[in-house]
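Beneath this line is the structure, given in structure tokens, with notes to follow.
Read-outs: derived from the displayed coordinates by stated rules, not from any lab. Owing to the predicted nature of the structure, the values given are computational and were not obtained by experimental measurement. Here Cβ is always computed from backbone atoms with ideal geometry, including for glycine, and neighbour counts include all displayed protein chains.
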């Protein structure tokens, strides 16, 4: 079966490891990315997620860079901004908050929307987990009910030859099942 063509924003997305170190993320564009996350679907419109914002050159960015794993220190600092994603993993003292079993799912949707908006704005996004989560929680005074999840590097892509190799993904029948788990879906 011929696979229908994906929208270019999805088809051409890459997790770049090379950013233009001189690019500054405009305030309006950053707000637009956060707006894209804000308007993502959310269970009961609870929006049980948050972002720590660190822009290259500011104090938050300096603190965050100090928590990076060795493999990420060569490329994350050159991104124009890095967001740290969090979700509410439990109840806290806020009486207006109702705990949601879908908080991590909702966070994923918010990040996906932010990523597509960044791509539409000509920016690249690379999500990563290689940093000291506990140290970030400590440095940024994250309340105990919140779970630090991923970093999101955002900036202007500076292409490198090794990033031009084809992207590879599992076939649909390996993750979409019909009838019982493990029985490949076939249209």
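Once R0 is set to 35 Å, what does the formula 1/(1 + (r/R0)^6) return for the Cβ-Cβ distance between residue 132 and residue 27, expressed as a FRET efficiency to the nearest 0.05?
Rounded to the nearest 0.05, the efficiency is 0.75.
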May I have the pair-distance distribution P(r) for the stretch 101-187, computed from all Cα-Cα distances with 10 Å bins from 0 and rounded to whole percent? 13, 26, 34, 22, 5
Over the stretch 13-159: Rg over Rh, Cα atoms, Kirkwood Rh: 0.96
May I ask you to derive the relative contact order of the chain, considering only C-alpha pairs under 8 Å and at least 6 residues apart, and to give it as an integer percent? 29 percent
Using a 7 Å offset from the Cα along the Cα-to-Cβ direction at both residue 176 and residue 158, what is the distance between the two label points in nm, to one decimal? 3.9 nm
Using a Förster distance of 25 angstrom, determine the FRET efficiency expected from the C-beta separation of residue 63 and residue 20, and round it to 0.05. 0.65
